[in-house]
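The values are calculated or read from the model by the stated rules, or taken from the named source; none is laboratory data. Worth saying up front: this structure is predicted, and the values here are computed from it rather than measured. As a convention, Cβ positions derive from the backbone with ideal geometry for all residues, glycine included, and neighbour counts pool all protein chains shown. Side chains included, ligands, DNA and RNA excluded: accessible areas come from the protein's heavy atoms. Shrake-Rupley method; radii C 1.70, N 1.55, O 1.52, S 1.80 Å.
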Amino acid sequence: MTEDRSGNGEKREHERFPKKLSVEVHVFILPEGPADPGYEARGRTIDIGQGGVLLRLDKEVREGHKVRLRFWEMPPGVRLWPMMVSGSILRLEQGELPSKEGTIGAGSLLAIEFTEPLSELDVPGTA
């Protein structure tokens, strides 16, 4: 685990970048069971670390759902690999839109923890 640099006692396995990084993402929410449909959502990242991402999506999702996330339109100079990753949704903050029990409403702030850390993440000006 990395040391706490935020002052709030939180410890992370992978360091997050101190600058915000806004990247368009497409997220496929995997079905929970064989009879359940999967669906897609879109959003923008707020920050990215090698082990996960903080973002807002345009659809409601359930905490703990498994996802596949694809990054789009990287800012100039940013290198990120792989461009498609798997992970799980973790809830952080409820949005303004109403939500059903057990779901996170569209526009909510949430985190996706990657199954495997990114092998490359280079953001100019953060070294």
Can you spot a residue in region 78-86 that is at pLDDT below 90, open to solvent by 10 Å² or more (accessible area, probe 1.4 Å), out of contact with any strand residue (DSSP E or B) (no Cβ under 6 Å at 6 or more places or on another chain) and not in a strand (DSSP E or B)? yes
Apart from one, (1) open to solvent by 30 Å² or more (accessible area, probe 1.4 Å); (2) within 16 Å of Ala106 (Cα to Cα); (3) touching a Leu at 6+ places or on another chain (Cβ under 9 Å); (4) not acidic (Asp, Glu) all hold for Tyr39; the odd one out is (3)
In region 105-127, anything within 14 Å of Gly43 (Cβ to Cβ) and either in contact with a Pro (Cβ under 8 Å, 6 or more places away or on another chain) or modelled with pLDDT under 75 (or both) is listed as Gly105
For region 9-34, the count of residues that are open to solvent by less than 100 Å² (accessible area, probe 1.4 Å) and either modelled with pLDDT under 90 or part of a loop (DSSP other than H, G, I, E, B) (or both) equals 13
